[in-house]
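Just below is one structure, and these are the notes that go with it.
The values are calculated or read from the model by the stated rules, or taken from the named source; none is laboratory data. Here the structure is a predicted model, which is why all the values come from computation and not from measurement. Here the Cβ positions follow ideal geometry from the backbone for every residue, glycine too, while neighbour counts run over all protein chains shown. The accessibility values were calculated without ligands, DNA or RNA, using every heavy atom of the protein model including side chains. Shrake-Rupley method; radii C 1.70, N 1.55, O 1.52, S 1.80 Å.
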Amino acid sequence: MKIEKIMMMVVGTMILVSVGLGFYVSATWLLLTAFIGVNLLISAFTGFCPMVAILRKLGFQHGCAFRGCAQ
């Protein structure tokens, strides 16, 4: 599996879980959703994402996450 697909799966799962916990347990869990959003914005502008660095060290490779992109 490629880094981009892993990122989309993990981020999507974390957002859904944090929203669910925020709804059913405590609104404080929505801070996790905000943290994820801030991290996505920072990585969009800087090109740095801590999770990508970790996945690279684990041996995962970059790939084409969307159809029609050049490989």
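What to note about this one:
- Residue match in segment 32-49 (condition: under 21 Å from residue 60 (Cα atoms) and aromatic (Phe, Trp, Tyr)): yes
- Single residue of segment 32-56 satisfying the filter (loosely packed, with under 12 Cβ neighbours inside 10 Å and of a type in the set (A, V, I, L, M)) that is farthest from residue 5 (Cα to Cα): 34
- For beta carbons closer than 7 Å, sequence separation of 6+ or different chains, a first residue in segment 7-21 that is over 15 Å from residue 34 (Cβ atoms) and a second that is modelled with pLDDT under 95 and outside any helix (DSSP H, G or I), the qualifying pairs are 8/65.
- Selection over segment 15-31 of residues that are of a type outside the set (Val, Ile, Thr) and surrounded by 14 or more Cβ atoms within 10 Å (Cβ to Cβ) gives a count of 5.
- Only residues that are farther than 27 Å from residue 19 by Cβ, in a helix (DSSP H, G or I) and at pLDDT below 90 were counted across segment 36-71, and they come to 0.
- Positions within segment 1-14 being open to solvent by 70 Å² or more (accessible area, probe 1.4 Å) and charged (D, E, K, R), in sequence order: 2, 5
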